[in-house]
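Structure record follows, encoded as structure tokens.
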Amino acid sequence: MAPAPTADELREKYAAERAKRLRADGNDQYIEASGVFADYVDDPYTDVTPRAAVIDTPDTACDVAFVGAGFSGLVAGASLKSAGINQVRLIDTAGDVGGTWYWNRYPGAQCDTASLIYLPLLEETGYFPSEKYVKGPEIHAHCQRIANHFGLYDDALLSTRVTGARWDAEHHQWMITTDRGDEVRARHMGIGTGPLSKPKLPGLPGITDFAGASFHTSRWDYSVTGGSPDGGPMDLLADKRVGIIGTGATAVQCIPHLGRAAGELFVFQRTPSSIDIRNNHALDPDELAPDLGPGWQRRWRENFTVLQTGGFADRDLVRDGWTDIAQRIRDKVLEHPERSGPEALVAAYHESDDEKMNEIRSRVDDVVSDPATAEALKPWYRQLCKRPCFHDDYLDTYNRSNVHLVDTDGRGVESVTERGVIAAGREWELDVLIFASGFEVGTEFTRRAGVDPVGRDGLTLSAAWADGMVSFHGMHVHGFPNMYVIGHAQGANLISNVPHNLVEAAATMAAVIAHADARAATEVEVTATAEAEWVDLLDAGGRSFGGDPTCTPGYYNNEGQEASGAQRRAGLGHPDGPVAYFNYIDQWRSTGEFTGLQFR
Ligand code: NDP
């Protein structure tokens, strides 16, 4: 076995691999799935059934309308109902609740964060997940369970796209229009449209020329492949030449299934993902019983977040690849008591990362038999430069004789033809072309959300955020009374377990509205001063999810280009990190003072 590369050799190799992938067009290499590409985002899973439009008057306004029926809308709805705010109307383009887990039905879809902390409201709904990392259908079923448990289907408008939202100052209500002719009125409006909800396509010359079947992974076309999200065999692919563009977290999960089903599978790779061990297993509630006393899910979530963000706890309840990354850094710090200050942490991070990535690269050699294929599957960057992946079948798939890795040495697929794609210097003929090309990140919020709310005095959110997101706690925006953004940006900004951000935000939203109702206030708005002070605090802290510009390009680091001011603002988080934010917001809600908000 060759000796492990030295730290200097690694730095050099990482820089060379990054240089191959840097492109002048950055994010603009991708195209929006609209216009001639609009059918890439149609809903393939639910037929739209005719219904009468909802036409509200000021007297029939609901308590809360919520744009988005994914985890954000579901946890917000649950918190609101639990706080006695009963008329909650979820509105979503999808034909059912579930958001990400409604759309992403590709074979092998599974959560990458342990289900005991990833699935919200387990205690409240009395559900215990079957595995440490559960599969997509089980997650979608849990979304439906939440909606049923909290009565969120009753007023939901599904297969319905919001086309506009305007503040009606006279009646202190939001007026929301939809593509189904609805005129919904609501005292309060939430927006929770998710960070990765708008599919994007690579802007390849000739992309419309392909004569075979093609689709994006978030709109899996089982009428082309056969099979089902539950793992039914994709028997229609048995005599097909299938190509997949992309090797990110989505592709890693579906490629093993395609490898088993396709006559021939061609994986077009620009940058390999890091594939760590998955080690999934069934969960036994009896075995875990001592750690499942009342309030357990909150304790588990907090334990994970403390450890994953570098803090200390007596025990690691979740014990997974995410907490392992942090544990290794802590171990390195303790190994070198002679070091101190921030440099000690940076050195510990670099050393533990080098070790981890060497392990990940060795695993490729251990699993993949063909040495050239193994070499091409090795990631040459720091683990957190891109989304870390965890899978126990992905690498082995390349040992199948019908699976072909088409490595492009960082160049990617060059163009699409009527017959297939051009990559690595030749044409590859295909019957089916699958785009595992990800989702928009770094484009304007209102473009991704699909709605540009018009607040007080005709101010649009896109105008208010022309220079980037400005908010109080990531939730309240001056000029937009009774509007609540549910997400992670400008709050905790915890990426490794997104639902933790959402559960906390939902609790905050419910507490604010309950407080407004208790004092019969019809308007809640953040003051300009409180908003500016919050943004200044975050700006000064400099903690922004913009990734490391020295990393290989990807959506984590704005495709390797320096982030604009607006992009940096959209990635800001609390200066002292997620745990500090969660503690802060818990206290802010609990005092009952809601400092920074005006109740009128
Ligand atoms: P990504 O944006 O991570 O991946 C897009 C892929 O397309 C990359 O491999 C990219 O290569 C590749 N690509 C783009 N253009 C070309 C081209 N011209 N030729 C070849 N390849 C190309 O999207 P995903 O859908 O995989 O994942 C998005 C995010 O969704 C994840 O990061 C994760 O946060 C989330 N996710 C979560 C899961 C979970 O929790 N279980 C599962 C799946 C996704 P390059 O790397 O070179 O840019």
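The values are calculated or read from the model by the stated rules, or taken from the named source; none is laboratory data. Being a predicted model, the structure only gives us computed values, none of them experimental. Every residue, glycine among them, receives a Cβ derived from its backbone with ideal geometry; neighbour counts consider all protein chains shown.
Among the residues of the stretch 356-365, is there at least one that is small (Gly, Ala, Ser) and not in a helix (DSSP H, G or I)?
Looking through the stretch 356-365, none of the residues is small (Gly, Ala, Ser) and not in a helix (DSSP H, G or I).
Testing residue 55 on (1) crowded, with 20+ Cβ neighbours inside 10 Å; (2) in contact with a Gly (Cβ under 9 Å, 6 or more places away or on another chain); (3) over 27 Å from residue 515 (Cβ atoms), one condition comes back false. Which one is that?
(1)
Got a sec? Which strands (runs of 3 or more DSSP E) wholly within the stretch 197-255 have at least 2 residues that are within 12 Å of the ligand (Cβ to nearest atom), modelled with pLDDT of 95 or more and not hydroxyl-bearing (Ser, Thr, Tyr)? Lay out the reasoning, then the answer.
Details: elements: 200-202, 213-216, 241-245.
Those strands (runs of 3 or more DSSP E) span 200-202, 241-245.
Looking at (1) touching a strand residue (DSSP E or B) at 6+ places or on another chain (Cβ under 7 Å); (2) at pLDDT below 95, which is the only condition residue 519 fails?
(2)
Across the stretch 276-292, which residue is nearest to the ligand (Cβ to nearest atom) among those that are touching a Pro at 6+ places or on another chain (Cβ under 8 Å) and in contact (Cβ under 8 Å) with a residue 40 or more places away in the chain?
Of everything passing the filter in the stretch 276-292, 276 is nearest to the ligand (Cβ to nearest atom).
Within the stretch 312-323, work out how many residues are touching a helix residue (DSSP H, G or I) at 6+ places or on another chain (Cβ under 9 Å) and surrounded by 16 or more Cβ atoms within 10 Å (Cβ to Cβ).
6
Can you pull out the residues in the stretch 114-126 that are under 26 Å from residue 43 (Cβ atoms) and either part of a loop (DSSP other than H, G, I, E, B) or free of Cβ contacts under 8 Å to residues at least 12 places away in the same chain (or both)?
119, 120, 121
Looking at the stretch 336-346, is at least one residue of a type in the set (Val, Ile, Thr), within 16 Å of the ligand (Cβ to nearest atom) and within 29 Å of residue 583 (Cα to Cα)?
no
Within the stretch 9-112, considering only strands (runs of 3 or more DSSP E) that don't extend past its boundaries, which have at least 3 residues that are not assigned by TED's automatic domain parsing to the domain that holds residue 137? Break it down stepwise before answering.
On the way: elements: 30-32, 62-67, 88-91.
Result: 30-32.
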